[in-house]
1. Over 12 Å from the mean Cα position of the chain (by Cα), at pLDDT 95 or above and of a type outside the set (S, T, N, Q): which single residue out of 47, 26, 16 fits that description?
2. Is one or more of the residues making up region 60-67 part of a helix (DSSP H, G or I) and of a type in the set (A, V, I, L, M, F, W, C)?
3. Of all residues in region 25-37, how many are surrounded by fewer than 11 Cβ atoms within 10 Å (Cβ to Cβ) and under 22 Å from residue 85 (Cα atoms)?
4. Given the conditions (1) part of a helix (DSSP H, G or I); (2) open to solvent by less than 40 Å² (accessible area, probe 1.4 Å); (3) of a type outside the set (S, T, N, Q), report the number of the one that residue 52 does not fulfil.
5. Out of all the residues in region 41-85, which are of a type in the set (S, T, N, Q) and more than 16 Å from residue 13 (Cβ to Cβ)?
6. Specify the residue that is least open to solvent (accessible area, probe 1.4 Å); the eligible residues are those in region 13-24 that are hydrophobic (A, V, I, L, M, F, W, C) and not in a helix (DSSP H, G or I).
Amino acid sequence: MPSNVSKVRNEDINPCIEESDGSRKCLDANNYNKDKCTAYFIRYKNCRKFWHGVMLQRRKEGVKPDIPTLEEREEILRARGGKPY
């Protein structure tokens, strides 16, 4: 597997794998009619925006790694009462 594919599929690096997969599956199921998958695209975009904000805050505070690990993200989402996207 090429390194960029492994990064995209690595849950510790990519917090939006589930949302990305949902978009892809929707496109597959709807013969690539993007109009039928708008909700999935919005959810993915909001996921990326949320975790990007977390990453920027962690960088500002000097927390490493910039993107929380899968375990840390689960704790963050539990503390928020679930996904905000």
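1. When all the criteria are applied, what remains is 26.
2. Just the residues of region 60-67 that are part of a helix (DSSP H, G or I), to begin with: 60-61.
Those left that are additionally of a type in the set (A, V, I, L, M, F, W, C): none.
For region 60-67, residues part of a helix (DSSP H, G or I) and of a type in the set (A, V, I, L, M, F, W, C): absent.
3. Counting residues in region 25-37 that are surrounded by fewer than 11 Cβ atoms within 10 Å (Cβ to Cβ) and under 22 Å from residue 85 (Cα atoms) gives 1.
4. Failed condition: (2).
5. First, the residues of region 41-85 that are of a type in the set (S, T, N, Q): 46, 57, 69.
Result: 46, 57.
6. To start, the set of residues in region 13-24 that are hydrophobic (A, V, I, L, M, F, W, C) comprises 13, 16-17.
Then keep just the ones that are not in a helix (DSSP H, G or I); that gives 13, 16.
Details: 13: 85, 16: 1 Å².
Ranking the qualifying residues of region 13-24, first place goes to 16.
The values are calculated or read from the model by the stated rules, or taken from the named source; none is laboratory data. Nothing here was measured: the structure is a model prediction, and the numbers come from that model. Heads up, the Cβs are rebuilt from the backbone with ideal geometry, glycines too, and the neighbour counts pull from every protein chain shown. Accessible surface areas use protein heavy atoms only, side chains included; no ligands, DNA or RNA. Shrake-Rupley method; radii C 1.70, N 1.55, O 1.52, S 1.80 Å.
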